[in-house]
Amino acid sequence: MKVAAILFDFDGVLIESEAAGNRQIAEWLTAAGHPTTPAESMANFMGLAGPQFVAAVERWIGRPLPADFHAARADEDARVMAAGVDAVEGAVAFVRSLPADLPKAIVSSSPTSWIARHLDHIGLREAFGEHLYSGREHVANGKPAPDLYLFAADRLGVPIERTAILEDSPVGATGAVASGGYVIGLAAGSHCAPDHGARLTAIGVDAIARDFGEVARLVGL
């Protein structure tokens, strides 16, 4: 499929933040008396942010989250913001290989400050210009609603039907499929288990890519 634009999820698609982030969540919950593995954290919380993330964790533990959970998350975010997160293998080369006139945007549940910081870290900030879109800042309903993808496609001036969307999380894939775009389930990050592609396929993505070479072939580049 020759696409007219590409929308990139961020965490787990362009940067390797999912494995470390879900490990930290699992360790905190386990220490607080709610045994949780990193795999369970990824299965239940990956791709969520803001109220949706809090609600999912509270369902998992069966009670409201204590204030020190939020403090621990803020401390971890500050540490990671200072250190930077490295890119998923092949991501930087793929983005740099794209035609300069191909519209592209970030569609993430993370805040734009997080996106911009780590794009700077991996050297891709200029590739996306002003097109950094956050489900908690730019639309009323974040993932798994389709709103963010539709918003970004509109901002790029490209019909969603001609837009490829790269997503790694079940939450993101659900919203992307509902948007009507051409959805590629990406299983390139270190957090992706052997069955990750099958989970995304069950949600209805159009194709699975296990590296960015496969992405390039799927989008006709």
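The values are calculated or read from the model by the stated rules, or taken from the named source; none is laboratory data. Keep in mind it's a predicted model, so treat the numbers as computed, not measured. Backbone-built Cβ (ideal geometry, glycine too); neighbour counts: all protein chains shown.
Some notes on this structure:
- Matching residues in the stretch 161-199 - criterion: being touching a Gly at 6+ places or on another chain (Cβ under 7 Å), surrounded by fewer than 21 Cβ atoms within 10 Å (Cβ to Cβ) and modelled with pLDDT of 95 or more: E161
- Meets criteria (of a type in the set (D, E) and either closer than 12 Å to F10 by Cβ or not assigned by TED's automatic domain parsing to the domain that holds T201 (or both)) for D147: no
- Count of the stretch 119-172 residues, restricted to those that are closer than 18 Å to Q52 by Cα and free of Cβ contacts under 8 Å to residues at least 40 places away in the same chain, is 10.
- The strands (runs of 3 or more DSSP E) found wholly in the stretch 82-201 and carrying at least 2 residues that are within 20 Å of E214 (Cα to Cα) occupy 104-108, 163-167, 182-186.
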